[in-house]
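A short worksheet on the structure shown next.
The values are calculated or read from the model by the stated rules, or taken from the named source; none is laboratory data. Just so it is clear, the model here is predicted, and its values are computed rather than measured. Please note: Cβ atoms are built from the backbone with ideal geometry, for glycine as well, and neighbour counts cover all protein chains shown. Calculation scope for accessible area: heavy atoms of the full protein, side chains included, ligands and nucleic acids excluded. Shrake-Rupley method; radii C 1.70, N 1.55, O 1.52, S 1.80 Å.
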Amino acid sequence: MKHDKFDLTLAIMEGVVHLLKKNMMCLEEIGVKAEMIISTGGGARSELWSQMKSDITAYIVAIPENEEAACLGAAMIGAVSEGLFASYEDAVQQCVVIKQKFIPRHPDRYQKKHKLFNRLFDQILPVYDYDAGNEILLKTGE
């Protein structure tokens, strides 16, 4: 009863970012190391959430000037296809402008919470597996 809608919102935001960190760690485990995370869309408009992404993941989070990444990406693909740019790298160099960067300030603050997130995530996976199995049975009529 001591929590309000802001606490719930913050918890959801943190949960999403902990899953982002988990995904970044999976990429690192297979040898893919990103230089930064580029955040787009509505969530990129929140400085609080962008800083949280940087702190929890320990990556720089960059916000591009053009937040509509899908539209810009499609336009760049078309421009490369039509020969307006020699390569996708050239298109990115000329079309993507970073307007703001968030630098990790307190990555240690979230380590304990990330361990808890991973434990909870691992414990709930069997529930998803069970539910997925039941959905298959319901769809096939078995």
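Things worth noting here:
- Of the criteria (1) within 22 Å of residue 101 (Cβ to Cβ); (2) under 14 Å from the mean Cα position of the chain (by Cα), which one residue 73 fails: (2)
- When we screen 22, 2 for residues that are open to solvent by 80 Å² or more (accessible area, probe 1.4 Å) and either modelled with pLDDT of 95 or more or farther than 24 Å from residue 68 by Cα (or both), the only hit is 2.
- If only residues of the range 111-129 that are in contact (Cβ under 8 Å) with a residue 60 or more places away in the chain and not hydrophobic (A, V, I, L, M, F, W, C) are counted, the one that is farthest from residue 54 (Cα to Cα) is 118.
- Take the conditions (1) at pLDDT 90 or above; (2) open to solvent by 90 Å² or more (accessible area, probe 1.4 Å); (3) β-branched (Val, Ile, Thr); residue 136 misses just one of them, which is (1).
- Scanning the range 42-63 for residues that are modelled with pLDDT under 95, open to solvent by less than 80 Å² (accessible area, probe 1.4 Å) and over 19 Å from residue 18 (Cβ atoms) turns up just one, 42.
- So residue 10, is it under 13 Å from the mean Cα position of the chain (by Cα), in a helix (DSSP H, G or I) and without any contact (Cβ under 8 Å) to a residue 24 or more places away in the chain: no
- Within the range 76-98, if we keep just the residues that are in contact with a strand residue (DSSP E or B) (Cβ under 9 Å, 6 or more places away or on another chain) and farther than 20 Å from residue 57 by Cα, the residue that is least open to solvent (accessible area, probe 1.4 Å) turns out to be 96.
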